[in-house]
Amino acid sequence: MLDDIDQQLLQSYQRDFPLTENPFQEIGAALGIEEEEVIHRYQRLQEEGFISRIGPLVNHAKVGASTLVAIAAPPDTIETNAEIINSYVEINHNYLREHHYNLWFVVTAKDEARMHTVISEIESRTGCNALVLPMVKSFYIDLGFKLWQ
Amino acid sequence: MAIDSEKLIAAMQDGLPICPHPYTNLAKQFACTEQEIISAIAELKDTDVLNRFGVIVKHRRLGYNANAMVVWNIDDEHIERLGEKLAAEPSVTLCYQRPRNLPHWPYNLFTMLHGKERSAVIRILDDIRARLSIDSDYDVLFSTRCFKQRGARYF
């Protein structure tokens, strides 16, 4: 179970993680607990799968080349096609969704040329035409995910 | 010497170690001080190369199991206004304009909605459509399986 301290560790430091040499000490001071306990709790939250990491969330528009892509995979090919897609290091998200276009993935590469190579290879290996949907504009400002009201 | 921002981002892709001095290894790797690493990260935030720097939660693990990509076919003349309004909704995470791809794909605005169950997501969506008076065509694509989810590898 997550107590109040766990909830604050998850909620409050998605965006304003202290940029100091001892960030966990500063968080501890803010929450009234020892640095050691902050570290122990974050390690546990990571082990138990509540956090993936503490680090940067990169703005796709400013670094490298990326796009959302969808294919309409025939139902009996979903597993094998998902494996083909996942085999590329350039894929960081790959979801099955309820729609005619059922496999949705994000390609992120060092440049446009590599991004298009990956998409072409996936098209030829899966036999599916790719719907390529690059971001035109972001209206969203990422403040982290509001977990508790 | 300036720290190469691409190399710094690459070095942080798996996250910081959770220990008293999480920047020590990066300082060694880049042959600089911890404070210089910290300043470089602050600069990447200030220049919008990073959307944010901090704890990246797995919301599915926290019970948010109903995750819908809601796509809209918004008249081009209204997309700025509605894009900004949808982005400001507390339940909306991500709000991007993307190109239509006719005749296969008529939708040009993409939002993500999360809830603990599907009915909650649909209630939120109906409420948003009513309050913002959006009568455009839309579609709801619930995710049923995650084959891969991790931080991007750029380099």
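The values are calculated or read from the model by the stated rules, or taken from the named source; none is laboratory data. Fair warning: this is a prediction, and the values are worked out from it, not measured in the lab. Cβ sites come from the backbone with ideal geometry, for glycine too, and all protein chains shown count toward neighbours.
Only one of these is under 24 Å from A:ALA61 (Cβ atoms) and not acidic (Asp, Glu): B:SER133, B:SER91, B:SER119. Name it.
B:SER91
Taking the criterion of being closer than 19 Å to B:LYS116 by Cβ and more than 8 Å from chain A (Cβ to nearest Cβ), the residues of the range B:77-99 that qualify are B:GLU89, B:SER91. Exactly one of these conditions fails for A:ILE54: (1) closer than 25 Å to A:ASP3 by Cα; (2) of a type in the set (A, V, I, L, M, F, W, C); (3) touching a Phe, Trp or Tyr at 6+ places or on another chain (Cβ under 6 Å). Give me its number. A:ILE54 satisfies all of (1) closer than 25 Å to A:ASP3 by Cα; (2) of a type in the set (A, V, I, L, M, F, W, C); (3) touching a Phe, Trp or Tyr at 6+ places or on another chain (Cβ under 6 Å) except (3).
Among the residues that make up the range B:136-147, is at least one of them assigned to a loop (DSSP other than H, G, I, E, B) and modelled with pLDDT of 90 or more?
So far as the range B:136-147 goes, yes, one or more of its residues are assigned to a loop (DSSP other than H, G, I, E, B) and modelled with pLDDT of 90 or more.
When B:ASN73, B:ASN65 are checked against the criterion of being in contact with a Phe, Trp or Tyr (Cβ under 9 Å, 6 or more places away or on another chain) and not hydrophobic (A, V, I, L, M, F, W, C), a single residue qualifies: B:ASN73.
Of all the listed residues (B:ILE3, B:ILE74, B:ILE9), the sole one being buried (at least 18 other Cβ atoms within 10 Å of the Cβ), β-branched (Val, Ile, Thr), within 7 Å of chain A (Cβ to nearest Cβ) and in contact with a helix residue (DSSP H, G or I) (Cβ under 9 Å, 6 or more places away or on another chain) is B:ILE9. Which one is surrounded by the fewest Cβ atoms within 10 Å (Cβ to Cβ) among residues in the range B:77-103 that are touching a strand residue (DSSP E or B) at 6+ places or on another chain (Cβ under 8 Å) and among the basic types (Lys, Arg)? Filtering the range B:77-103 for residues that are touching a strand residue (DSSP E or B) at 6+ places or on another chain (Cβ under 8 Å) and among the basic types (Lys, Arg), the one surrounded by the fewest Cβ atoms within 10 Å (Cβ to Cβ) comes out as B:ARG100.
When the residues of the range B:110-141 are narrowed to those that are over 17 Å from B:VAL71 (Cβ atoms) and among the hydrophobic types (A, V, I, L, M, F, W, C), which ends up farthest from the other protein chains (Cβ to nearest Cβ)? Only one residue tops the list, namely B:ALA130.
The set of residues from the range A:1-59 being in contact (Cβ under 8 Å) with a residue 12 or more places away in the chain, of a type outside the set (A, V, I, L, M) and closer than 21 Å to B:ALA10 by Cα comprises A:GLN14, A:ARG15, A:PHE17.
Would you confirm whether any residue within the range B:78-96 is charged (D, E, K, R) and either modelled with pLDDT under 95 or touching a Lys or Arg at 6+ places or on another chain (Cβ under 7 Å) (or both)? Looking through the range B:78-96, at least one residue is charged (D, E, K, R) and either modelled with pLDDT under 95 or touching a Lys or Arg at 6+ places or on another chain (Cβ under 7 Å) (or both). If you go through the range A:104-117 and keep only what is buried (at least 19 other Cβ atoms within 10 Å of the Cβ) and assigned to a helix (DSSP H, G or I), you end up with just A:MET115.
With the requirement that a residue be free of Cβ contacts under 8 Å to residues at least 40 places away in the same chain and in a helix (DSSP H, G or I), what does the range B:121-135 give you? Please lay out each step first, then the result.
Kept after step one, since they are free of Cβ contacts under 8 Å to residues at least 40 places away in the same chain, are these residues of the range B:121-135: B:122-124, B:126-127, B:129-131, B:133, B:135.
Residues satisfying the conditions are B:ILE122, B:ARG123, B:ILE124, B:ASP126, B:ASP127, B:ARG129, B:ALA130, B:ARG131.
Just one of the numbered conditions (1) more than 7 Å from chain A (Cβ to nearest Cβ); (2) surrounded by fewer than 13 Cβ atoms within 10 Å (Cβ to Cβ) is not true of B:THR144: (1).
Is it true that some residue in the range A:140-149 is more than 10 Å from chain B (Cβ to nearest Cβ) and either surrounded by 20 or more Cβ atoms within 10 Å (Cβ to Cβ) or hydrophobic (A, V, I, L, M, F, W, C) (or both)? No, there is no match, as no residue in the range A:140-149 is more than 10 Å from chain B (Cβ to nearest Cβ) and either surrounded by 20 or more Cβ atoms within 10 Å (Cβ to Cβ) or hydrophobic (A, V, I, L, M, F, W, C) (or both).
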